[in-house]
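The values are calculated or read from the model by the stated rules, or taken from the named source; none is laboratory data. Just so it is clear, the model here is predicted, and its values are computed rather than measured. Glycine also receives a Cβ, built like all others from the backbone with ideal geometry; neighbour counts cover every protein chain displayed. Areas reflect the complete protein model, heavy atoms only, side chains present, ligands, DNA and RNA absent. Shrake-Rupley method; radii C 1.70, N 1.55, O 1.52, S 1.80 Å.
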Amino acid sequence: MNILHNTLLIYIGQKINYIMISLSNFDFTIIFSLFAVILAIGIYVGKTSGKNTNQYFLSGRNMPWWLLGLSMVATTFSTDTPNLVTDIVRTDGVSGNWVWWAFLVTGLLTVFVYAKLWRKSGVNTDIEFYELRYGGKPARFLRSFRAVYLGIIFNVLAMAGVTLAAIKIGQVMLGLDPLATVVIAGFITVVFSAIGGFKGVVYTDFILFFVAMAGAFGAAYYIVGLPEVGGLENLIAHENVKDKLNILPSLDDTETFITLLIIPLAVQWWSSWYPGSEPGGGGYVAQRMLAAKDENHAIGATFFYNIMHYALRPWPWIIVALASLILYPDLASIQEAFPMVTEDKLGHDLAYSAMLTKLPSGLLGLVLASLAAAYMSTISTHLNWGASYVVNDFYKQQINSEASEKHLVNIGRITTVILMIVSSLIALSLTNALQLFEIIIMFGAGTGLIFILRWFWWRINAWTEISAMIASGVISILLTFTTFGNALFDVGGIFPGYMKYPFVVFCSSIIWLVVTFLTAPENDKVLFAFYSKTQPGGPGWKKILMRADKAKISIIKTTEKWSVPNGILAMILGCILIYSTMFAIGNYIYGEYFIAIVLTFIVLVFSFLLLKIWKKIKGTVL
């Protein structure tokens, strides 16, 4: 063991020396200072975070909205996100981003409807929710299975995408081989994640947020001023860029319009599970809501995150992606400029890293530090979140129910290391971030509606979720990896390619609806307890309220009016507000000032309307 440890340290030392040769002293000072601060925070908070699992995974449920909101933004500011956006812009133009912009609807539904429900539930993880909402052996099986399914399988896939982006940055900007990038970045991240727990993640996210934002905006500003680009006006007018600028897909191309806009807005946002954008809330977003001081802080954190994530943050990446079309118009030009990039890692997403090599000393160090910050923030969150599933929802439930808190924390730390190793191995075999995004979206198709309805319809049971998971997974595999799928949706198939995702959703939904009505509902004791604790309200619980009243059991704990209608109205107003903000920023960048000013006015009007509705729902967050 000591030989392996010493060999690893020698290897890291050799690669760091190589990096120091590639960068100036100023660049290296910036990067080293960031790493030192992050490790110091992890070690410092590790003294308290290791006391018990509540501290290690939720920091005592006492976090303010602004800190949790910044943490969510920092977490989703991962190294693969600018690469993904670059890949999308270069392939489908700016409008291609609707494949993830559509998830704003999901995000705001979480803000105004589900945030307070999660906080009321009092669970330690969103997977623990299963034994609150369902009962018996199916609920216990579902909890353990989802802990492995999401905490390990989906989680390591998401981390692999982030690590893949780090590999590409290391190859293009530093000339590092993939293994070197994985070892250096992974070693530092896993150390402070294992030691500091959730509190260490959130505290370091506060710093990483500002570093990452400064790096992204600084890079975009400098790159636009490069002689080859010639300023913002020349960028917008360039022949390689003009046909990529539309924020909305063109109606002239029906297939593209349906694929990029209609399907994401009409189907994808409510039907698919995706990390950070789960319908009904979930994953590491739920973890932060559960760690909030109260319901109001949970609402404030998620709303702040959605504003920053969709309205403001994408534009620096989009600008760099558009500029890359001038310097590197195709894959051949990227390959020619960076021959050290291996064939299996060559893709349009490399263009972002390629553009960053143009940065001067100082700014280069800041941007590399920001990318390192983005990587560590995202990976540390996924590690802590995944470990919380494995510890609370699998190990403690299925293996050692009598384990002490200290033992469980140690299992969490061991799990953190294992998750890092597995995701790194997967990353070494991937090609691009968009490839992974599409796989995860497909495998979650058809399950999202259950996560929305299970709070408000008593008839949903454990078998509903089990059948949906199996159906979506099996159907996705059949359509993606078999000749049957090619015969249906490939070129010359029965259906156009854009119908593949709706087809999975339709089939999965039919299956889980049939299973729901063929299996017994949850027993009244479970349903009464769930309603009593969370107070979801709504017509979907009318039959259960009647049964409780007949049994003379009081499960209504509040006289407040059902807030969901106002929550949905707030979601609609919020979507208009944030999309208008995003479009306004884009039109200011494009020089379309009249449209931008009109959109700014719309933003102000809907901000006022949203504030009034917000107060009706739950007061203010300030």
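Look through the stretch 512-523, keep the residues that are touching a residue at least 60 places away in the same chain (Cβ under 8 Å) and within 33 Å of the chain's Cα centre (by Cα), and return whichever of them is surrounded by the most Cβ atoms within 10 Å (Cβ to Cβ).
W512
Can you tell me how many residues in the stretch 103-127 are outside any helix (DSSP H, G or I) and farther than 19 Å from L449 by Cα?
4
I need every pair where a residue in the stretch 244-271 that is within 20 Å of F583 (Cβ to Cβ) has its Cβ under 6 Å from the Cβ of a residue that is outside any helix (DSSP H, G or I) and not small (G, A, S), sequence separation at least 6 or different chains.
Sorted first by the residue in the stretch 244-271, then by its partner, the pairs are T256/P249; F257/P249; F257/L251; L260/P249; L261/P249; W269/F103.
Among what's in the stretch 128-162 and is among the hydroxyl-bearing types (S, T, Y) and either open to solvent by 10 Å² or more (accessible area, probe 1.4 Å) or part of a helix (DSSP H, G or I) (or both), pick the residue that is farthest from W458 (Cα to Cα).
Taking the stretch 128-162 as the starting set, the residues that turn out to be among the hydroxyl-bearing types (S, T, Y) are 130, 134, 144, 149.
Narrowing further to those that are either open to solvent by 10 Å² or more (accessible area, probe 1.4 Å) or part of a helix (DSSP H, G or I) (or both): 130, 144, 149.
Numbers: Y130: 14, S144: 22, Y149: 25 Å.
Residue satisfying both the conditions and the ranking: Y149.
Name the single residue that is nearest to G170 (Cα to Cα) among those in the stretch 31-75 being open to solvent by less than 10 Å² (accessible area, probe 1.4 Å) and at pLDDT 75 or above.
For the stretch 31-75, the residue satisfying everything is A74.
So L327 passes all but one of these: (1) open to solvent by 10 Å² or more (accessible area, probe 1.4 Å); (2) touching a Lys or Arg at 6+ places or on another chain (Cβ under 6 Å); (3) not aromatic (F, W, Y). Which condition number does it fail?
(2)
For (1) open to solvent by 50 Å² or more (accessible area, probe 1.4 Å); (2) of a type in the set (F, W, Y); (3) at pLDDT 80 or above; (4) in a helix (DSSP H, G or I), each residue gets a yes or a no:
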{"position": "M355", "(1), (2), (3), (4)": "no, no, yes, yes"}
{"position": "K358", "(1), (2), (3), (4)": "yes, no, yes, no"}
{"position": "L368", "(1), (2), (3), (4)": "no, no, yes, yes"}
{"position": "L371", "(1), (2), (3), (4)": "no, no, no, yes"}
{"position": "V390", "(1), (2), (3), (4)": "no, no, yes, yes"}
{"position": "D393", "(1), (2), (3), (4)": "no, no, yes, yes"}
{"position": "L408", "(1), (2), (3), (4)": "no, no, yes, yes"}
{"position": "T431", "(1), (2), (3), (4)": "no, no, no, no"}
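With (1) at pLDDT below 90; (2) surrounded by 12 or more Cβ atoms within 10 Å (Cβ to Cβ); (3) among the β-branched types (V, I, T); (4) over 30 Å from L478 (Cα atoms) as the list, and V526 as the residue in question, which single condition is left unmet?
Every condition holds for V526 apart from (1).
Show the residue pairs meeting these rules: Cβ distance below 8 Å; 6+ apart or different chains; first residue within the stretch 117-135 and in contact (Cβ under 8 Å) with a residue 24 or more places away in the chain; second residue open to solvent by 10 Å² or more (accessible area, probe 1.4 Å) and aliphatic (A, V, I, L, M).
Cβ pairs passing all conditions: S121/L132; V123/L132; L132/A529; R133/V526; Y134/V526; G135/V526.
Give the stretch 438-457 a look and list any residue that's modelled with pLDDT of 85 or more, crowded, with 21+ Cβ neighbours inside 10 Å and among the aromatic types (F, W, Y), or say none.
Scanning the stretch 438-457 gives F451, W455.
Considering the stretch 287-324 alone, what residues qualify as being part of a loop (DSSP other than H, G, I, E, B) and surrounded by fewer than 24 Cβ atoms within 10 Å (Cβ to Cβ)?
K293, D294, R313
Under 8 Å by Cβ, and 6 or more places apart or on different chains, what pairs join a residue from the stretch 77-92 that is part of a helix (DSSP H, G or I) with one that is at pLDDT below 80 and basic (K, R)?
N83/K168
When only residues in the stretch 200-256 that are of a type in the set (D, E) and part of a helix (DSSP H, G or I) count, which is farthest from Y375 (Cα to Cα)?
The residue in question is E255.
For the stretch 66-117, name all the residues that are among the aliphatic types (A, V, I, L, M) and farther than 19 Å from A286 by Cβ.
Those that are among the aliphatic types (A, V, I, L, M) and farther than 19 Å from A286 by Cβ: L84, V85, I88, V89, V94, V99, A102.
Does the stretch 331-349 contain any residue that is at pLDDT 85 or above and open to solvent by less than 40 Å² (accessible area, probe 1.4 Å)?
The answer is yes, given that some residue of the stretch 331-349 is at pLDDT 85 or above and open to solvent by less than 40 Å² (accessible area, probe 1.4 Å).
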